[in-house]
Each structure stands twice: as structure tokens, then as C-alpha cells.
Amino acid sequence: MKKNGIINSEISKVLSYMRHTDTICISDLGLPCPENVTYIDISLKMGVPSFIDVLEEVSKDMKIECIVLAEEIKTKNKEIHDKIINMFNDIDIKYVSHEDFKKHTSSCKAIIRTGEATPYANIILQSNCIF
């Protein structure tokens, strides 16, 4: 039995296969998932687990080079945006329209669906090299 880190086997597996520049998405309840992308649904009920809780745990287990956010998060979900900025203050951030964000998800290794029920609580994490 695994002793440390993420215990969700699907998330752990995807992270172990990530290589430099590969991407993974953490999403709210509503983000659509392209058919060609692995879909990991960990939502239990509205709000559980939260987007931030999942993001914090994944970021502990992944070396992140840069992140992608929807431009709309700046005004439509300032609270989550501010938390993300505080978590990743030393990492490059790319903002795109929400429509372009959804297009970017088609190249992600997986989308992790949380129970988050606030708008634009979605992020794409790009993997960095660990050496």
C-alpha cells in the first residue's frame, strides 16, 4: 500500500507517466472533456473535493513549469485566481480565452474533475523536468 503522496490510483498513474512539457488539467464540475483525453472524476458532491484542495495535492507531486488559465478567471472568480497566484508566484502563467482553454484540454494527458462549483476554476499544468 502506498505510504505517501496521492493515493488516488488513476491520478498517481497519470502523474508517473508525465514527461517534460506534458500537460494535465484540473477542472471544476462543468468543464467538458474531449473524448480522446483520460477523464478522472473524483467529484463526490457539490464542492467536494474543492479545486484548491486537489490542486495543492497534485502540485506537491508534480514539478510544474507553467500554468494556463482562462482569462475570465481574473474577474469571474477572483478568490480562486488569487489563491492560484499565491501558490504559483514563481511560475509562468499563460492566460487564454475560456474557449481556447477548452481547446487546449484536448492535448492533456488527463482531466481531473473536482467537485468545485465556482466559475472558471480550471487550470492546465505543464510538467517540468525534474533534473
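The values are calculated or read from the model by the stated rules, or taken from the named source; none is laboratory data. Remember, it's a predicted structure, so these values are computed and weren't measured experimentally. Quick reminder, even Gly has a Cβ in these numbers, built from the backbone with ideal geometry, and neighbours come from all protein chains shown. For accessibility, only protein heavy atoms count, side chains too; no ligands or nucleic acids. Shrake-Rupley method; radii C 1.70, N 1.55, O 1.52, S 1.80 Å.
Points to keep in mind about this one:
- When S43 is tested against (1) closer than 17 Å to A117 by Cα; (2) touching a helix residue (DSSP H, G or I) at 6+ places or on another chain (Cβ under 8 Å), just one condition goes unmet, and that condition is (2).
- Counted as qualifying within region 36-131 are the strands (runs of 3 or more DSSP E) with 2 or more residues that are without any contact (Cβ under 8 Å) to a residue 40 or more places away in the chain and open to solvent by less than 70 Å² (accessible area, probe 1.4 Å), namely 92-96.
- E79 closer than 22 Å to N128 by Cβ and modelled with pLDDT of 95 or more: no
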